[in-house]
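K.L.:
Here's a structure for you.
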Amino acid sequence: MSLSVYIYLATILFTIGALVVLLRRNTIIVFMGVELMLNACNLALITFSRMHGNLDGQVYTLFVMVVAAAEVVVGLAIIMSIYRARRSASVDDANLLKL
Amino acid sequence: MSDMPWLSIMLAVPALGALALVLMPRGFARAREFALGVSLLTFVLALFAGLEFIVGNSKMQLVEEYSWIPQFGVSFALGVDGIALSMIMLSVILVPICLVAAWDDVPADGSRRLQGYVAWILLLEAMMIGVFAATDVFLFYIFFEAMLVPVYFLIGQYGGPDRARAATKFLLYSLLGGLIMLVAVIGLYTVGPGGSDGFLLANLTGLEIGGLTEKLLFLGFFIAFAIKAPMFPVHTWLPHAATEARPATAVLLVGVLDKVGTFGMLRFCLQMFPEASRWATPVVIVLAVTSVIYGALLAIAQKDMMRLIAFTSISHFGFIVLGIFAMTTVSQTGSTLYMVNHGFTTAALFLIAGMLVARRGSRTIADYGGWQRVTPLIAGTLLIAGLSGLSLPGLNAFVSEFLVIVGTFQRYPAAAVLGATGVILAALYILLWYQKIATGPRPEDVASTTRDMTVREKFVVAPLIAAFLVLGFYPKPVIDLLEPAVTTTLQHVGVTDPAPTVTAEGSEG
Amino acid sequence: MSGGEALLFWVLGPTCVLGSLGLLFARKAVHAAMAMALVMVGLGIFYIAQYAEFVGIIQIFVYSGAVMMLFLFVIMTVGVESTTSSVETIGGQRIWGWLLALLFLGVAAFGLGRVTFPEPVGLDAAQTEGTVTALAREIFSRQVFSFEVLGSLLVIAVMGAMVLAHRERLVPRRTQRELAAERVRSNSFVAGKPAPGVYARHNASDTPALLPDGTPAAVSVPRVLVARGQEHPVPYRGIDPAGDTPETEDADLPAPSRSATTRGEQA
Amino acid sequence: MSVLETSAGLALADPSAVRAIEATGTSALAWLLIALPLLGAGLLLVGGRATDKFGPLLATLLSWGSFVVGALVVLQLAGLGAEERSLSVPLWDWVTTGNLSVHAGLLIDPLSMAFVLLITFVGSLIHVYSLGYMQHDPDKRRFFAYLNLFVAAMLILVLADSYLLLFVGWEGVGLASYLLIGFWNHNPAYASAANKAFVVNRIGDFALIIAMAYMLYTYGALDYATVHGEAGSAATTTLTVIGLLLLLGACGKSAQFPLQSWLGDAMAGPTPVSALIHAATMVTAGVYLVARSQAIYDLTPDARLAVAIVGAITLLYGAIVGCAKDDIKKALAASTMSQIGYMMLAVGLGPIGYIYAIFHLITHGFFKAGMFLGAGSVMHAMNDRVDMRRFGALGREIKTTWITFGAGWLAIIGFPFTAGWFSKDHIIESAFSAPGWQGWVFGLVALLGAGITAFYMSRLFFMTFHGKARWEDDAAPHESPLTMTVPMMVLAVGSLVLGAVLYPTGVLTGWLEPVFGHGEAHESLIPLIGIQVSVFVLMALGVALAWLRYGRDEVPVVAPVGSFATRAARQDLFQDEFNETFLRRPGAGLVAGLEVADNDVIDGGMVGGTSRGLAGVANVVRQAQNGFVRSYALTMLAGIVAILGAVWVIQ
């Protein structure tokens, strides 16, 4: 059994994350779907790091986590203000950005 | 003095004037006087520049050339031949007249509105000078498009009740043409010699591109110019825009701006794409004749006088295009002279009609009648302007219209004969209009205090009528100015005038 | 991959997938968040198992600890109870979503299957002086610029969040004095609204106070509880409170016509 | 000098323009002829109310000044040899471009000077008459300005040395005519009449422009010298086409069939205008044009025949219409048409007719102007009424008018030894001498026309001056002031004696022969004496019939319904109905239809359709832009799948 199973696992997690984004309407859950996709990528990066024997993958994982943290901060703030304005946590209710 | 950059100075003065007006504090009380002063200064500069111009020399003169964006081959190159100079002269004469005519268009209410109005007009003047003087195709394109901005705001901010729609329609039409042209401009560069001055007109004429490429490039330019001109069937923006615009704006729009279309056909279509021009001639001639007759017939049907004038212009532009594409010296000289004459004629028609509208408050022709008895001077000058519009001999438009017809006849007799029916129709639309406006008993619902022409308005009309008479009886200076440029154009196209079927020998001429 | 690691993978891997499926199917946001936390922890363990101890620890501490707590805070603010209907509103979204996701999975898995992965090198050589030291060397030498940029990104994000979360007051805050004056002027609740829960049997804020005639005063219940439907009904003169919503809300109002305005103000 | 052999087999001199040498002496000042009245017009129009007081007088003086200059030039010309009476006065380089080169210049030759004298003399007389006639009009100044403008334009027309300059005068007189017909345009009908005149004339002008284009195409020039000098080198078809186009132009200006409809309405203008423009001078410009272009017509018998046919038709047309009109001015207008028909017929006959055409033109200028002025005097006496059925027995009340009108009447019916007799009889004789069937047809038509002319002019004369008084109650006939009667007297004398002065003495023939050459008549079909007798008999019959019906019998005050022929004639043989049905109404329909089409089809359909189509497409595509984040995410996923799939496929 090779390390590729981790990659397959990452792929499955990524797909599920994407599905969450596509199918769930609760803003917070959608957001968690995004986090899940990021984490799936991280898993792959860690695995690649181990495969190739250098630390770049781990460094990038760290960076991704930092970026994700920043994203979470801003994203949740946006969710809060949307909720304040609309009394709703559904992504579908924020649909004014259109023609 | 001969190495003075005259054209750049003429371009800069009104532009800087416009900028200064914008920077002036809100409610600057002397905005109109300032703008008039700037435009008169430009006029004087143009006169000096004209003195430098050597009549009879067919080369580009007053040439300036600076490298601008060498990476793309764009230069800031200016220069004029007889046609361009005459169009610039027309612009610098009409702008002060329009400013005087537009004196009370926008109230001086302490806001920035008035400043903006005259500043846009000055900016437009700068653009007009630039577009006629540009000898770099890309620079020409820039001015061609940038011109839309002042006009858009002049119509859209200061126009009539339906101004927003009219301005948008105008902009969309012009942009459509302009974008098609942009494609052709870029395409032209790729077939040209390229390099850091690859857009210079001189480098792009006489390329002998040939084949489908040349036809496509020709079409790209021609469509833009046909929309601008405007020719049937892409004319519908003009009546709308001219109706909603202030008379002074309409004058600059129809009298000068639209000439860029016909000017472009001469300067770009014919010179750069001679083969394609000859290929397209039959279609263009048909369209031109259609424009003549169609414009005239529709002018007869109009109930709104500004629309009527707009349609007469479509008819007249048909003549101009007809003359250009008939490609004889006589017809093209006639066309270029027509471009000058039409500027004055339309200016007079729009401005005098504007005076009537200012007094009656209506553009509908049926609201008038008997105004010869209310404002005899306005009615009289309207008749003179109208007679110029129907090409009465002795007034300016006749010489040019006659030249176009007889010049066209030498090559396309049928087109000339059909086009000449425009002469009959012109009598109908002008005289029926005048009859409905001026004749009949004195209207009873008009206040007895309605004033005849004021001193300011006399200053507007007098130079125009003087121009009618001078150009009607002694057009020679202008023709001498235009003809060398026309001859050059025809050399580029490679056509020669048909000789008379009977070679006249020993004629005493 | 040792046998122990394989065992770990086959136990923890399906757990993670289940957790993420929980995220996909959970009705309540809280449950989803808990499932998500599970996945995070699982992933952290995977990192550690793959010799990325530092990243794994960070994953568990920062992600599962801090970030997920943030999520939970938001969920609580927005409302634990707020569920969205499961009826899909965008036409074809569900079908197309599943279809494309499975297609993606198929294409990716098929692609992966055709890749020949090299023999794993292992990290022993790369982090001989320990994971943390090796990572620190990497970050503060080669990646120092990225690191600095990320630092400023974080600062900007924090400021952004502050700006977003901040609410500008549109009108100056009304003082007690003004509020009292207005109550007197409009002659509504001049003495203040009745406090809830004075009924002997229920000393809680979800229970309406009783007026002198024994009717419950709905206005005494905090409106947040009312909005959530959490107020506790009380029987009135033997009538079962559950099926009864007497118009007590307006009972205290001086005049029926005022009701609309007063309620509007309070809302 | 070459002598051209024409189709008629006649010896012709060179066209006068070819021989022209630069003028010296008085003739070099010929530009003053035009400049003086033009100056008057300019001063009066620009000067505005400041010139109200002296303006009319100034205009009259300038017109007389022009006549004096003309007379001096004629004196100088008379002093030259017959072949040298052709001078050119170059003015300025007007239009020069490509192969077109037109210098504005004047051509002074016997033909143009004959016209100059007629125009300035009659014109000046009518200026004088107008001083009285327009005395109380508030816009008198404007009227005189227009009159001066007309004189100037008419002089440009006849003095021009090129077709282009002629065209300037041609349209100039059209403008003056338009302004003067519509002088009282507070009456909408008058304004319409002015428009009608201008527009109908424009059809002729259109033909003239095309004719000029064809000339330029053929000869490369527009001046008479080149065109006439080279006329023979062009193909006959070309000449015929040019000839026909010139004829159409002439028809417009001279109110010849089929462009005759405007003349009757043109009587809306003040009576002096009708006398000057629509009787004596402007309407004869067509005859001048054909006569001037003789070098072309000589070479194309077909076009000439067309001219003669047009003349013949109009001659009868006008005469028939004239029989039924009750409006004194319209009856005179119809008569004018008919008389110009005679002239056209004469010029259409070729060299044998030119001189007689010009002769008749001059005598007609006198007697018709005299009669129009007389009609004006009658209107002056009768409160501006024009209905002859309300006149009658005026001869006793306004004797001067009666006598002067009578002189004109005698002249027009061709009473022996009056001016009209000399000129008209010669045309009829020439008509009979035309070759082949043409001689019979044209001769008989001309003969018949003479009889009808006698009838309707006598009808007019008797209805107005004789019979019982049928005035309305408020009428108080009174003689006009001297300013009006003196010009009438002068013209009356001219009507009686001009023929005798000019023809038997050979003055006119001698004067015009250098221009037209010597036309030797064919053998006439009928002996000369036979023609003269039959003309006289017909005239007598016409007068007698008119006397019986309108002099002796009671004339009903209200016109009887009459036969179909009468009604047709009264309505100008349905010319306006024809125009209305076949030209104006379809035209109006077309124009209205186009307006709708422009809005709906071009703007709404083609252009609007394109924009609506684009908007429709955009509307469809816009649906994708639904604002739902999840939808957008779906498309992103689709993109990723597509890319992965593509990579896979490529590999």
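K.L.:
Tell me, which helices (runs of 4 or more DSSP H) lie completely within the stretch C:1-58 with 1 or more residues that are touching a residue at least 40 places away in the same chain (Cβ under 8 Å), more than 7 Å from every other protein chain (Cβ to nearest Cβ) and not aliphatic (A, V, I, L, M)?
P.N.:
Hits in the stretch C:1-58: C:3-25, C:53-58.
K.L.:
To continue, here is another question. Among what's in the stretch D:61-94 and is more than 25 Å from D:D223 (Cβ to Cβ), at pLDDT 90 or above and not hydrophobic (A, V, I, L, M, F, W, C), pick the residue that is surrounded by the most Cβ atoms within 10 Å (Cβ to Cβ).
P.N.:
Of everything passing the filter in the stretch D:61-94, D:S63 is surrounded by the most Cβ atoms within 10 Å (Cβ to Cβ).
K.L.:
Also: Looking at the structure I just gave you, is B:G494 in contact (Cβ under 8 Å) with a residue 12 or more places away in the chain and more than 10 Å from every other protein chain (Cβ to nearest Cβ)?
P.N.:
Judged against the criteria, B:G494 is a match.
K.L.:
For the stretch D:215-225, what are the residues that are under 13 Å from D:G243 (Cβ atoms) and within 7 Å of chain B (Cβ to nearest Cβ)?
P.N.:
D:T218
K.L.:
Criterion first (closer than 28 Å to B:L201 by Cα and at pLDDT 90 or above) does B:A226 satisfy it?
P.N.:
Here the answer is yes, as B:A226 does meet what is asked.
K.L.:
Would you mind stating whether D:L239 is of a type in the set (A, V, I, L, M, F, W, C) and either under 19 Å from the mean Cα position of the chain (by Cα) or more than 14 Å from every other protein chain (Cβ to nearest Cβ) (or both)?
P.N.:
No.
K.L.:
For B:V283, which of the numbered conditions (1) at pLDDT 90 or above; (2) more than 14 Å from every other protein chain (Cβ to nearest Cβ); (3) buried (at least 24 other Cβ atoms within 10 Å of the Cβ) fails to hold?
P.N.:
Just one mismatch for B:V283, condition (3).
K.L.:
Inspect the stretch B:379-397 for any residue being more than 12 Å from chain D (Cβ to nearest Cβ), in contact with an Asp or Glu (Cβ under 7 Å, 6 or more places away or on another chain) and closer than 21 Å to B:V446 by Cβ and give the result as yes or no.
P.N.:
No, the stretch B:379-397 contains no residue that is more than 12 Å from chain D (Cβ to nearest Cβ), in contact with an Asp or Glu (Cβ under 7 Å, 6 or more places away or on another chain) and closer than 21 Å to B:V446 by Cβ.
K.L.:
What are the residues in the stretch D:318-328 that are farther than 14 Å from D:S458 by Cα and crowded, with 24+ Cβ neighbours inside 10 Å, if any?
P.N.:
D:G318, D:V321
K.L.:
Shifting gears a bit: Can you name the helices (runs of 4 or more DSSP H) wholly within the stretch D:420-532 that have at least 1 residues being touching a Pro at 6+ places or on another chain (Cβ under 8 Å) and within 17 Å of D:L345 (Cα to Cα)?
P.N.:
Result: D:507-516.
K.L.:
For the stretch C:127-155, which residues satisfy the criterion of being of a type in the set (A, V, I, L, M) and more than 8 Å from chain A (Cβ to nearest Cβ)?
P.N.:
If the condition is that a residue be of a type in the set (A, V, I, L, M) and more than 8 Å from chain A (Cβ to nearest Cβ), then C:V132, C:A136, C:V144, C:V149, C:V155 are the ones that fit.
K.L.:
For residues that are of a type in the set (S, T, N, Q) and touching a residue at least 40 places away in the same chain (Cβ under 8 Å), scanning just the stretch C:157-191, find the one that is farthest from A:I79 (Cα to Cα).
P.N.:
C:N187
K.L.:
Additional query: I'm trying to understand the selection: among the residues of the stretch A:43-58, which are within 7 Å of chain C (Cβ to nearest Cβ), crowded, with 21+ Cβ neighbours inside 10 Å and assigned to a helix (DSSP H, G or I)?
P.N.:
Within the stretch A:43-58, A:L43, A:I46, A:T47, A:S49, A:R50, A:M51, A:Q58 meet the criteria.
K.L.:
Shifting gears a bit: Report, by residue number, each residue of the stretch A:5-34 that is within 7 Å of chain C (Cβ to nearest Cβ), part of a helix (DSSP H, G or I) and among the polar types (S, T, N, Q).
P.N.:
A:T11, A:T15
K.L.:
For the stretch B:312-323, indicate whether the set of residues that are under 22 Å from B:G380 (Cβ atoms) and in a helix (DSSP H, G or I) is non-empty.
P.N.:
Scanning the stretch B:312-323, I find at least one residue that is under 22 Å from B:G380 (Cβ atoms) and in a helix (DSSP H, G or I), so the answer is yes.
K.L.:
When you look at D:A231, is it crowded, with 24+ Cβ neighbours inside 10 Å, at pLDDT below 85 and not in a loop (DSSP other than H, G, I, E, B), yes or no?
P.N.:
Yes.
K.L.:
May I ask you to verify whether A:M37 is within 7 Å of chain C (Cβ to nearest Cβ) and at negative phi?
P.N.:
It is false that A:M37 is within 7 Å of chain C (Cβ to nearest Cβ) and at negative phi.
K.L.:
Go through (1) modelled with pLDDT of 85 or more; (2) away from chain B (no Cβ under 14 Å); (3) surrounded by fewer than 24 Cβ atoms within 10 Å (Cβ to Cβ) and name the single condition D:L248 misses.
P.N.:
Failing condition for D:L248: (2).
K.L.:
Quick one: is D:L44 touching a residue at least 60 places away in the same chain (Cβ under 8 Å) and surrounded by 22 or more Cβ atoms within 10 Å (Cβ to Cβ)?
P.N.:
Taking the combined requirement at face value, the residue satisfies it.
K.L.:
Please find, within the stretch D:181-206, the residue that is farthest from D:P270 (Cα to Cα) out of those that are more than 9 Å from chain B (Cβ to nearest Cβ) and under 14 Å from the mean Cα position of the chain (by Cα).
P.N.:
So, considering only residues that are more than 9 Å from chain B (Cβ to nearest Cβ) and under 14 Å from the mean Cα position of the chain (by Cα), the one farthest from D:P270 (Cα to Cα) is D:G204.
K.L.:
If I filter the stretch D:623-646 for residues that are among the β-branched types (V, I, T), surrounded by 11 or more Cβ atoms within 10 Å (Cβ to Cβ) and more than 14 Å from chain A (Cβ to nearest Cβ), do I get at least one hit?
P.N.:
The answer is yes, given that some residue of the stretch D:623-646 is among the β-branched types (V, I, T), surrounded by 11 or more Cβ atoms within 10 Å (Cβ to Cβ) and more than 14 Å from chain A (Cβ to nearest Cβ).
K.L.:
As an exercise: evaluate B:K59 against (1) under 27 Å from the mean Cα position of the chain (by Cα); (2) outside any helix (DSSP H, G or I); (3) without any contact (Cβ under 8 Å) to a residue 12 or more places away in the chain and give the number of the one condition it does not meet.
P.N.:
So B:K59 meets the others, but not (3).
K.L.:
Taking the stretch B:426-466 on its own, how many of its residues are closer than 15 Å to B:I352 by Cα, within 14 Å of chain D (Cβ to nearest Cβ) and surrounded by 22 or more Cβ atoms within 10 Å (Cβ to Cβ)?
P.N.:
Qualifying residue count, the stretch B:426-466: 6.
K.L.:
If the requirement is being within 30 Å of B:S111 (Cα to Cα) and assigned to a helix (DSSP H, G or I), which of these qualifies: B:L51, B:L85, B:L47, B:L40?
P.N.:
B:L40
K.L.:
Next up: Could you list all residues from the stretch D:1-57 that are modelled with pLDDT of 85 or more and assigned to a loop (DSSP other than H, G, I, E, B)?
P.N.:
D:F54 - this is the single residue of the stretch D:1-57 that is modelled with pLDDT of 85 or more and assigned to a loop (DSSP other than H, G, I, E, B).
K.L.:
Answer yes or no as to whether B:A133 is in contact with a helix residue (DSSP H, G or I) (Cβ under 9 Å, 6 or more places away or on another chain) and more than 25 Å from B:L7 (Cα to Cα).
P.N.:
no
K.L.:
Can C:E178 be described as part of a loop (DSSP other than H, G, I, E, B), of a type outside the set (A, V, I, L, M, F, W, C) and more than 30 Å from D:G639 (Cβ to Cβ)?
P.N.:
Considered against the rule, which asks whether it is part of a loop (DSSP other than H, G, I, E, B), of a type outside the set (A, V, I, L, M, F, W, C) and more than 30 Å from D:G639 (Cβ to Cβ), C:E178 comes out as no.
K.L.:
Moving to a separate point now. Working only within the stretch D:173-183, note down all residues that are surrounded by fewer than 24 Cβ atoms within 10 Å (Cβ to Cβ) and under 17 Å from B:V423 (Cβ atoms).
P.N.:
D:L175
K.L.:
Which of (1) more than 8 Å from chain D (Cβ to nearest Cβ); (2) of a type outside the set (A, V, I, L, M, F, W, C); (3) out of contact with any Asp or Glu (no Cβ under 8 Å at 6 or more places or on another chain) is the odd one out, the single condition B:P376 does not satisfy?
P.N.:
(3)
K.L.:
Another question about this same structure. Quick check on the stretch B:467-477: of everything there that is within 11 Å of chain D (Cβ to nearest Cβ) and surrounded by fewer than 24 Cβ atoms within 10 Å (Cβ to Cβ), which residue is farthest from D:V95 (Cα to Cα)?
P.N.:
The selected residue is B:L469.
The values are calculated or read from the model by the stated rules, or taken from the named source; none is laboratory data. Model, not experiment: these values are computed from the prediction. Neighbour counts run over all protein chains shown; Cβ positions are idealised from the backbone, glycine included.
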